[in-house]
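*Asks:* Dumping the structure here so I can ask a few things about it.
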Amino acid sequence: MSANTYRNNVSRLQGQIADLKKKEASERKKDVDLVSKINNLSKRISTTKSSTTIQSLQRQIESKLKEQVRFQSKIADIQKQIANKQKELDRNQTNLTRAIEKETKKNKLTS
């Protein structure tokens, strides 16, 4: 392949990695917000005297914990995708360097 092809691949992969990192940051923010909500619900439990209200708050906490697991799973998937894209990027950067060196040698020989 030509150096231009590798340059295009490198550029495309860098963009994809940046997009994935944005998604990861978004999911992390959702996770942090959820932790805050869980903490608030826990505080409300400690100040509530009604057993039905306590049960309701506990169900809400359980629901939020399940949601948190989903966010953490998404984050792990995104991190895996980033790692795969980074490997592909590294491989393309190596190939780009080789292609440039090859073109440089070829140009030196023809001049």
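*Asks:* Quick one: which residue in 28, 12 is assigned to a helix (DSSP H, G or I) and touching a helix residue (DSSP H, G or I) at 6+ places or on another chain (Cβ under 8 Å)? Don't jump to the end; show me each part of the working.
*Replies:* On the way: 12 fails: touching a helix residue (DSSP H, G or I) at 6+ places or on another chain (Cβ under 8 Å).
On inspection, the qualifying residue turns out to be 28.
*Asks:* Looking at (1) surrounded by 13 or more Cβ atoms within 10 Å (Cβ to Cβ); (2) over 25 Å from residue 97 (Cβ atoms), can you tell me which one residue 21 breaks?
*Replies:* Result: residue 21 passes all but (2).
*Asks:* Right, here's the next one. Among what's in the stretch 44-54 and is loosely packed, with under 11 Cβ neighbours inside 10 Å and in a helix (DSSP H, G or I), pick the residue that is nearest to the chain's Cα centre (by Cα). Can you show your working first?
*Replies:* Taking the stretch 44-54 and keeping what is loosely packed, with under 11 Cβ neighbours inside 10 Å, we get 46-47, 49-52.
So of that shortlist, the ones also in a helix (DSSP H, G or I) come out as 46-47, 51-52.
Working: 46: 36, 47: 38, 51: 41, 52: 40 Å.
Here the answer is 46.
*Asks:* Of all residues in the stretch 55-83 being among the basic types (Lys, Arg) and under 17 Å from residue 23 (Cβ atoms), which is surrounded by the fewest Cβ atoms within 10 Å (Cβ to Cβ)? Spell out the reasoning first.
*Replies:* We begin by selecting, within the stretch 55-83, every residue among the basic types (Lys, Arg); these are 59, 64, 66, 70, 74, 80.
Next, only the ones that are under 17 Å from residue 23 (Cβ atoms) stay: 70, 74, 80.
On the way: 70: 13, 74: 17, 80: 11.
The qualifying residue surrounded by the fewest Cβ atoms within 10 Å (Cβ to Cβ) is 80.
*Asks:* Would you call residue 98 within 27 Å of the chain's Cα centre (by Cα), among the basic types (Lys, Arg) and within 29 Å of residue 1 (Cβ to Cβ)? Steps first, answer last, please.
*Replies:* Working: within 27 Å of the chain's Cα centre (by Cα): no; among the basic types (Lys, Arg): yes; within 29 Å of residue 1 (Cβ to Cβ): yes.
The answer is no for residue 98.
*Asks:* Within the stretch 67-105, how many residues turn out to be over 22 Å from residue 12 (Cα atoms) and of a type in the set (S, T, N, Q)?
*Replies:* Matching residues across the stretch 67-105 total 4.
The numbers here are math on the coordinates, done by the rules we state, and not lab data. Since the structure is predicted, the reported quantities are computational estimates derived from the model, not experimental observations. As a convention, Cβ positions derive from the backbone with ideal geometry for all residues, glycine included, and neighbour counts pool all protein chains shown.
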